[in-house]
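What follows is a set of notes on a single structure, which appears directly below.
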Amino acid sequence: MDDKSLIQAFHMMWDSFPGMARLINRKHMVLAGNGVAEAMGYIAGTSCARVHAPDMHRGCKMIKALNSGEAQIDFGNDNRIRGWLPVEGRQDVIVHFVMMLPAGNNSRQS
């Protein structure tokens, strides 16, 4: 799948997602973002690691997801779930999402 088709497919699947979702390549460049991500500064052509404070990116599992080909997930202490999803047929891009949980939600599932 070429980048144009991949970006179109990303928008079809992730534009209605209520959290941040980004399509990111191995070089940490944002290829596409949904509206929530763009509003937070994750615009196509920017380095995701340079948006916001460096500590926000601590624990990034992008490389692990790319190298293993398996989805990675992280439950932060700040009521958010972060996920890195490999894209079938592509070893150079992932979908990275962040979903905030309602305050007081202490139930976590693996």
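Figures for the structure shown
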| quantity | calculated |
| --- | --- |
| Residue that is surrounded by the most Cβ atoms within 10 Å (Cβ to Cβ), among those in the stretch 1-27 that are of a type in the set (G, A, S) and in a loop (DSSP other than H, G, I, E, B) | G19 |
| I24, sole failed condition from (1) more than 22 Å from P102 (Cα to Cα); (2) without any contact (Cβ under 8 Å) to a residue 40 or more places away in the chain | (2) |
| All positions within the stretch 68-99 that are in a strand (DSSP E or B), at pLDDT below 90 and over 13 Å from the mean Cα position of the chain (by Cα) | F75 |
| Selected residue (criterion: surrounded by the most Cβ atoms within 10 Å (Cβ to Cβ)) from residues of the stretch 28-50 that are closer than 17 Å to D3 by Cβ and hydrophobic (A, V, I, L, M, F, W, C) | A32 |
| S68 being loosely packed, with under 13 Cβ neighbours inside 10 Å and either in contact with a Lys or Arg (Cβ under 9 Å, 6 or more places away or on another chain) or under 15 Å from Q91 (Cβ atoms) (or both) | yes |
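For every residue, the table says whether it meets (1) out of contact with any His (no Cβ under 9 Å at 6 or more places or on another chain); (2) assigned to a helix (DSSP H, G or I); (3) modelled with pLDDT of 95 or more; (4) of a type in the set (S, T, N, Q).
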residue: L31; (1), (2), (3), (4): yes, no, yes, no
residue: E38; (1), (2), (3), (4): yes, yes, yes, no
residue: A49; (1), (2), (3), (4): no, yes, no, no
residue: M56; (1), (2), (3), (4): yes, yes, no, no
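The values are calculated or read from the model by the stated rules, or taken from the named source; none is laboratory data. All values reported here derive from a predicted model rather than from experimental measurement. Glycine also receives a Cβ, built like all others from the backbone with ideal geometry; neighbour counts cover every protein chain displayed.
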